[in-house]
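Laboratory data are not the source of any read-out in this text; all were calculated from the coordinates shown. It should be emphasised that the depicted structure is a prediction, and the values quoted were computed from it without experimental measurement. Cβ coordinates were reconstructed from backbone atoms using ideal geometry, including for glycine residues, and neighbour counts include every protein chain displayed.
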């Protein structure tokens, strides 16, 4: 019976930059809780009593400070991945002493998967005693994922991001494995991508007929891009239950809302599901629309509209702004009448540059991604699909039509002409 779990959160999260510049991706909020917490809740509910979290050294203090060393009935151990050895197999080996000779449940820390599917995976593995079992999910574009080929319950082939996929079953990054897998992981060689990959450790088991696959029936999201994060946030928020502990006065409210203790919401229109965190102030005359997360100590007021967006801690948008379908890093300030455009004139899907490559979000409504400590001047505008780097300044009246690097000032120069008025 599996009683140990490993959660891998040592990835750099580069596809979500600039919002992940100073925070681990696993700590980004989904429905008011960090991504990592969803995995912890699932493991704890399945009776996993010992959980190891493999972290990047620079983020260990933040993650450990947030979750401590117990989660429900589970104990938590933190292990830093060697930054010189990249990849999921290297992360697993970092936890080798913790795992020992026991079977273990391994989950990537940047996925959202229904726990009922993870439970089916664990139960299947316990029945088959040994080898490894991987969770699989049918996907629309298998070229984006590691793809498995099933023969009955057995996985007979695994190919990483194939040009001509033999199936549409993606590796869902959830595994139940025994000691044989750990031994193979220790022998993995570096891949053409320059990483030590879990699939390389799984492949020998598939040739021996000891690798099994369980197909997920429910929701699954590999959160890599900004639009993945917004989609997962929407999914999680649909499951929220109303819980109002903060002060709410003079508001019109529809749908499910969560208002944490210490938050204030007054004289505003709130459409749920949405989540308003501790210390936030919403109002007067604000409009918070569906699937919005207003983080701790945020201030939203004065005819500002927030729609389907994630606002990290300390964001301020007090006057006449519109923030739609966007992710905003902590301690960012929106000057009066800042407008985040989220719809192209031609109504085509919005494209965004990710790791230097222009990618199609597949969304007709997609705003921007803003790093921490950004300041917007009055009457500034950001066009759909743009990124604003951390600690940048967008001057008054600027229309941002290209990505803005970190620590950059963008201003709009104008030539003023002064002439006397003849009366």
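Can you give the angle from 0 to 90° between the axis of helix 226-237 and the longest principal axis of the chain, with both taken from C-alpha atoms, to the nearest 10?
80
Test of understanding: in a Gaussian network model of the chain with alpha carbons linked when under 10 Å, which of 15, 33, 193 would top the mean-square fluctuation ranking?
Sorting by GNM fluctuation, first place goes to 193.
Tally the DSSP beta bridges in the chain and give the antiparallel ones as a percent, rounded to 5.
Among the beta bridges of the chain, antiparallel pairing accounts for roughly 30 percent.
Could I have the simple spin-label model distance between residue 82 and residue 234, label points 7 Å from Cα toward Cβ, reported in nm to one decimal?
4.3
Roughly what % antiparallel, to the nearest 5, for the DSSP beta bridges in region 4-224?
Within region 4-224, antiparallel bridges account for around 55 percent of the total.
Taking R0 as 22 Å, what's the FRET efficiency between residue 138 and residue 360 from their Cβ-Cβ distance, rounded to 0.05?
0.60
Bins of 10 Å, beginning at zero and ending with the bin holding the largest distance: percent of Cα pairs per bin for region 290-423, please.
In whole percents, the pair-distance histogram is 13, 44, 30, 8, 4, 1.
Counting pairs of alpha carbon atoms under 8 Å apart in space and at least six apart in sequence, what relative contact order in percent does the chain give?
11
Could you tell me what fraction of 2.2 N^0.38 Å the Cα radius of gyration of the chain comes to, as a two-decimal ratio?
Computed over Cα atoms of the chain, the ratio equals 1.07.
Would you compute, from DSSP H runs of 4+ residues alone, the mean residue ellipticity of the chain at 222 nm, taking -39500 (n - 2.57) per run and dividing by the full residue count, rounded to the nearest 500?
-5000 deg cm²/dmol
Listing 345, 334 from the residue with the fewest other Cβ atoms within 10 Å to the one with the most, what is the order?
Fewest-to-most ranking of 345, 334: 345, 334.
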